[in-house]
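Scroll down for the structure; my scribbles are underneath it.
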Amino acid sequence: EAEAADRWPDAYDIAKQRTSQFSKEQWQEAVAEGDTIAARFAELLGSGAAADGAAAMDLAEQHRLSIDRWYYPCSKEIHAGLADMYLADARFEQYWESRAEGLARFVHDAIKANSAG
């Protein structure tokens with residue numbers, strides 16, 4: 001928490017304010033939505049879909065909008081920066097890799113393609 005507040009103070013403050021007002025049901029919904037998106041990314045990877053294909057880019061946009069809705073304003077530029085962390089920070093990378101080998105790179109590439117498009 002302290003690291004997030006230090007590295008991204010604006011996003012941290014907004015997310016803290018938003019989430020402090022969540023009901024138990026809202027927390028469950030936010031977590032479930034994130035889990036569903038992650039599972040769908042893993043399914044796409046497993047199907048052989050291209051990270052820069054329409055399905056992966058659409059899912060990347062859903063991921064961005066989910067962050068924007070639940071936690072903090074997430075522009076395509078911010079989302080692209082988050083994608084870089086998925087590969088640069090072992091904690092983020094492990095989140096994706098625990099679901100499927102190669103998923104961190106796939107999600108990164110899908111977000112980058114969506115952000116560029």
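The values are calculated or read from the model by the stated rules, or taken from the named source; none is laboratory data. A quick note: this is a predicted structure, and the numbers were derived from the prediction, not measured. Neighbour counts are summed over all protein chains in view; Cβ atoms, including those assigned to glycine, are modelled from backbone coordinates with ideal geometry. Note: areas computed on protein heavy atoms with side chains; ligands, DNA, RNA excluded. Shrake-Rupley method; radii C 1.70, N 1.55, O 1.52, S 1.80 Å.
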Find out how many positive minus negative residues lie around Leu103, taking Lys and Arg as positive, Asp and Glu as negative, among other residues whose Cβ is under 12 Å from that of Leu103. -2
Of Gln26, Gly117, Ala55, which is farthest on the positive side of the dipole of the chain, counting Cα position, with +1 on Lys and Arg Cβ, -1 on Asp and Glu Cβ, and the Cα centre as origin? Gln26
Just the number, please: carbon plus sulfur as a percent of the accessible area of the chain, 1.4 Å probe, no ligands or DNA/RNA counted. 53 percent
In a Gaussian network model of the chain with springs linking alpha carbons closer than 10 Å, the residue among Lys16, Lys24, Lys76 that fluctuates most is Lys24
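Helix by helix through the chain, keep the DSSP H runs that span 30 Å or more along the axis on Cα and average at least -0.5 on Kyte-Doolittle, and give those back in order.
On the way: long enough: 24-47 (34 Å, -0.33).
Those that pass (Cα extent of 30 Å or more, hydropathy at least -0.5) are 24-47.
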Report, in whole Å, the centroid distance computed from the Cα atoms of the range 6-27 and the range 88-117. 23 Å
Expressed per residue, the solvent accessible area of the chain in Å² (1.4 Å probe) is about 57 Å²
From most to least accessible, 1.4 Å probe, no ligand or DNA/RNA atoms counted, Thr19, Thr36 line up as Thr36, Thr19
For Glu29, what accessible surface area do you get with a 1.4 Å probe? Give it in Å², rounded to 10. 100 Å²
Please express the shape of the chain as an equivalent ellipsoid: the semi-axes are the square roots of 5 times the eigenvalues of the C-alpha gyration tensor, given largest first in whole angstrom. 23, 16, 14
